[in-house]
Amino acid sequence: VYFSEDNAGAPPLPSKAADRARFYLAVRTGTSIPTHRSLSPQGSLSGVQGLHFASGSVGVNVGRYWGLELAVDSLEQNINVQPYGRIGEYTHSSIVPQVRLMYPLAEDRLVPYAVGGVGVGIAEFGDQTPEAAAATTGHAQSLSVVGTAGVGLDYLVVNNVAINVETKYRIFPSAMLEINGVPYTINLSGVLVSAGVRMFFN
């Protein structure tokens, strides 16, 4: 506390990093839990193989409690059609502007947050197996409206680098897929679970 007779020479109070705009890049990897698997009656979508899910975002913490970011999530699923088995891979990616709401704790070192937004999803068919190529055809290249909602946690190991974990539900309701000339509308919604690093530029 500085009284009036002393404040002429008082040093300025330090400003917290969380109180200013901070730009960042986040990279994550993890897995997905699909909530819709059926291509009934012909086939099914299997889950992601291993850590085949990649995610990243660029954004800015506008202030202490909220920020904006552009999140990109991409994953692949196998397509199984009887009697051929696996016929190829279905790649679906999303680009979503998100709002990030934060509540810094432990002197701003621990930051729980929530995210949500609406953007666009892109789906493509590829990597068709040679055994199935002679008997089946697959095609998909479509755009869909996508929504996201999730929670996460940052732990700042140093001022500009945070370890990050995040769980997010991605709503991807109407991707298109064509197998042997038959069109399907697929719900690719699922839970994305990831871990990674968030790096601040200032």
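The values are calculated or read from the model by the stated rules, or taken from the named source; none is laboratory data. Source: prediction; values computed, not measured. We place every Cβ from the backbone using ideal geometry, glycine too, and count neighbours over all the protein chains shown. Each accessible area value is taken on the protein alone, full model and side chains, heavy atoms only, with ligands, DNA and RNA left out. Shrake-Rupley method; radii C 1.70, N 1.55, O 1.52, S 1.80 Å.
Results, tabulated for the structure shown:
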read-out	value
Residue match in the stretch 135-148 (condition: more than 15 Å from Gln77 (Cα to Cα), at pLDDT 95 or above and not β-branched (Val, Ile, Thr))	yes
Residues (out of contact with any strand residue (DSSP E or B) (no Cβ under 8 Å at 6 or more places or on another chain) and either under 14 Å from Val115 (Cα atoms) or not hydroxyl-bearing (Ser, Thr, Tyr) (or both)) located in the stretch 62-91	Gly63, Pro83, Gly85
Residue within the stretch 15-35 that is outside any loop (DSSP other than H, G, I, E, B) and at pLDDT below 60 present	yes
Filtered residues of the stretch 76-89 (kept if more than 17 Å from the chain's Cα centre (by Cα) and either among the small types (Gly, Ala, Ser) or within 25 Å of Thr29 (Cα to Cα) (or both))	Asn78, Ile79, Asn80, Gly85, Arg86, Gly88, Glu89
First in the stretch 66-89 and at pLDDT 75 or above, second anywhere and of a type in the set (Phe, Trp, Tyr) and open to solvent by 10 Å² or more (accessible area, probe 1.4 Å), Cβ under 6 Å, 6 or more apart	Gly88/Phe125
Flag for Val118 being touching an Asp or Glu at 6+ places or on another chain (Cβ under 7 Å), part of a strand (DSSP E or B), at pLDDT 95 or above and open to solvent by 60 Å² or more (accessible area, probe 1.4 Å)	no
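Conditions tested, residue by residue: (1) surrounded by fewer than 18 Cβ atoms within 10 Å (Cβ to Cβ); (2) at pLDDT below 80.
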| site | (1), (2) |
| --- | --- |
| Leu153 | yes, no |
| Leu156 | no, no |
| Asn160 | yes, no |
| Pro173 | yes, no |
| Asn180 | yes, yes |
| Leu192 | no, no |
| Phe200 | no, no |
